[in-house]
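Just below is one structure, and these are the notes that go with it.
The values are calculated or read from the model by the stated rules, or taken from the named source; none is laboratory data. All figures in this text were calculated on a predicted structure; none of them were measured in a lab. Cβ coordinates were reconstructed from backbone atoms using ideal geometry, including for glycine residues, and neighbour counts include every protein chain displayed. Please note that ligands, DNA and RNA were not included when accessible areas were found on the heavy atoms of the full protein model with its side chains. Shrake-Rupley method; radii C 1.70, N 1.55, O 1.52, S 1.80 Å.
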Amino acid sequence: MSSENKTPQKNDSGRNGPPQRFQPKILFIYLLIGAAILTIWFANPGANANARQLTVSELVQAVKEGQIEEGDGFMEPDPSFGRDGYVITGKMLNPDLTGEGDTLVAEDAPEKVGFSARGRLTEEDFLLIREVMKEKRASTALQDVLISFLPFLLIIGLLYFLFVRQLKSAGRGAMSFGKSKAKMLTREKDALTFKDVAGCDEAKEEVSEVVDFLKDPKKFQRIGGRIPKGVLMVGPPGTGKTLLAKAVAGEADVPFFSISGSDFVEMFVGVGAARVRDMFEQGRKNAPCIVFIDEIDAVGRQRGSGVGGGNDEREQTLNSLLVEMDGFDGHEGVIIIAATNRPDVLDNALLRPGRFDRQVTIDLPDLNGRHEILLVHAKKIALSEEVNLEYVARNTPGFSGADLANLLNEGALIAARYNKKVVEMNDLDEARDKISFGRERRKLMDDEDRKITAYHEAGHALIQGIVDDGHMPVHKVTIIPRGQSLGSTMFMPKKDMLNHSKRRCINDICCTMGGRAAEEIVMGDVTSGASGDIRMATRTARHMVCDWGMSELGMVALGESQSGGYLGHGGVSSKNYSEETAQKIDHIVHDLIKEQYDRALDILNKHRAALDTIADALLEHETIDGKHVLEIIKHGEMRSPIVKRIIEEPVSESDEEETEAEKQKKEDDEKDGFAGGEAPAGAPA
């Protein structure tokens, strides 16, 4: 490998190709404008326009009396008066020299008046005036010409910049539509390495082989190996596909080009295909190199599925991409790395060996991966010593790398809001609840709504505490509105849920029906607050029957997958069973939910005292932890104290005075006998 290919060329402007050349014409125009400005500044053509006309005798008398400013003016021979004729101009110190007529004020000095004398001088007067005044050169013909033509030159220069250059740049822009928008990244600008990427060790190993090949190709060629021409990174949003590509750019000692899939498509037909060809042409010039295409599904969707048929702009771009990746000419030394979260809509020709030889799946991180990701992002956050990141990782199943970074950032914002110096554990817990369930909304609710919400959430918590086998205990119960719900019952899985057993699915449906069952038992009526619970229970029951074979219909897949596709390709589910089977599915789903609803009613009736205790605790404290629910189920009461957040805000002097007044009032109330929050007789509660 030659040394000139090891370090990518630095281009801070984000463009490729040679830098702009030095243009002498532009420099000449700038110099011309500067010279014109200086000429106007020093020539001062309007100075003599305000001069007073004096006779030679008056001038000689003014010089003798000291009325002429020393060193300001010039003397020039005047041939019209013969050998001794002169034109003398300058500044006067006394504006009322002659005492008659109006005086003219010079532009640059209002207290000085210009004068002009023209006539014959004797030798004695000539020497006298020359001693007082230093001769300055009068305006020449060149100055007069420049002053006369300067406005026209400025107008012409302005027209040149406004029209001629714009027309030229417009012509160049029209020809540059087909140029690739790929940006070359440098290690100095993007200093990310594999150490900055955590939670996807297998994906790093797959991509690191590409980097090793670029650094030492003979290592693989010695045994006949061939590096993949393309690597497709697939995974849900936020799992680190683009971050891993940046790490490849930081690790590789070769040029790294980055472009988005949407950058190929323009308003003009044929631009996308031209940009693909130009991108690979740049890659061949800088080979060996890596080209990263983010969101490749923008141009790589299945052909024939577009609105415009088989000849639309997007398909022309895809055809050009297919040919350039593995066509007749080939592209030795150009390795393509692409990222997408929609691999199901990509064209099959794009995924075949020879183009994208390898697909790297970057899934949601597991427990160890979340812990490693938190350790990477926690380097920039001031965490308290009590913060246990392993506990945080255990409480965040299903979180992606982007979600975990957002969790730490939200925790830092919450800690700053409460005037803390470091982020504590309760800040991270509140940030997790905010991300998962929404922010707390102190919505005004009357006593009836608060009671309904309290019993609804108490029903969920009580049933989960009884039927749970330890895999998903209750984490927190609250009647403070979050998001779209008036209350929430939060669970904390002990491990990542990789499988769904039939027993756990049935228990989940029973717990979901607990809220509606509690409303019916206590209130004798039902509300619309269980709409989300009903949808969740119906979805779980239908999955059990149609997808997981957990019913008497047997292990038969009923219905196609409803994963989102592109205009007919997997976007609309097809019904592949008869009407009789559809009726059986409806009956089984209905019976399954009805059976678990009756089970929930039975559990709540047996533990009615615990239900009332949990609801009363929620009405009093608004939020209780899962351990309090278990204590009520086991002991009939809460034995652990309720820990509430203490808001640390600065207290002003006026607030301190009010606090002292409140203490004094409280002491007076205690003397009267109705302290401790109890209102006197007859007072409204």
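Key figures
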{"quantity": "Residues satisfying the stated conditions in segment 628-643, i.e. closer than 17 Å to residue 463 by Cβ, open to solvent by 10 Å² or more (accessible area, probe 1.4 Å) and touching a strand residue (DSSP E or B) at 6+ places or on another chain (Cβ under 9 Å)", "calculated": "630"}
{"quantity": "Among residues of segment 225-276, those that are assigned to a loop (DSSP other than H, G, I, E, B), small (Gly, Ala, Ser) and within 28 Å of the chain's Cα centre (by Cα), counted", "calculated": "4"}
{"quantity": "Conditions (1) open to solvent by 10 Å² or more (accessible area, probe 1.4 Å); (2) closer than 16 Å to residue 321 by Cβ; (3) among the β-branched types (Val, Ile, Thr); number of the one not met by residue 239", "calculated": "(2)"}
{"quantity": "Residue within segment 371-379 that is of a type in the set (Lys, Arg) and open to solvent by 10 Å² or more (accessible area, probe 1.4 Å) present", "calculated": "yes"}
{"quantity": "Selected residue (criterion: most open to solvent (accessible area, probe 1.4 Å)) from residues of segment 283-321 that are among the small types (Gly, Ala, Ser) and at pLDDT 80 or above", "calculated": "298"}
{"quantity": "Selected residue (only one of 352, 358 is of a type outside the set (S, T, N, Q), without any contact (Cβ under 8 Å) to a residue 40 or more places away in the chain, under 22 Å from residue 233 (Cα atoms) and open to solvent by 50 Å² or more (accessible area, probe 1.4 Å))", "calculated": "352"}
{"quantity": "Top-ranked residue in segment 604-623 [being at pLDDT 90 or above and in contact with a strand residue (DSSP E or B) (Cβ under 8 Å, 6 or more places away or on another chain); ranked as farthest from residue 642 (Cα to Cα)]", "calculated": "614"}
{"quantity": "Close pairs (6 angstrom Cβ cut-off, 6 or more residues apart or separate chains): at pLDDT below 75 in segment 43-62, in a helix (DSSP H, G or I) and open to solvent by 30 Å² or more (accessible area, probe 1.4 Å) anywhere", "calculated": "43/143; 45/147"}
{"quantity": "Tally, over segment 332-360, of residues that are in a strand (DSSP E or B) and farther than 15 Å from residue 302 by Cα", "calculated": "9"}
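Yes or no, residue by residue, for (1) among the basic types (Lys, Arg); (2) surrounded by 16 or more Cβ atoms within 10 Å (Cβ to Cβ):
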{"position": "468", "(1), (2)": "no, yes"}
{"position": "476", "(1), (2)": "yes, yes"}
{"position": "485", "(1), (2)": "no, yes"}
{"position": "495", "(1), (2)": "yes, no"}
{"position": "498", "(1), (2)": "no, no"}
{"position": "503", "(1), (2)": "yes, no"}
{"position": "510", "(1), (2)": "no, yes"}
{"position": "515", "(1), (2)": "no, yes"}
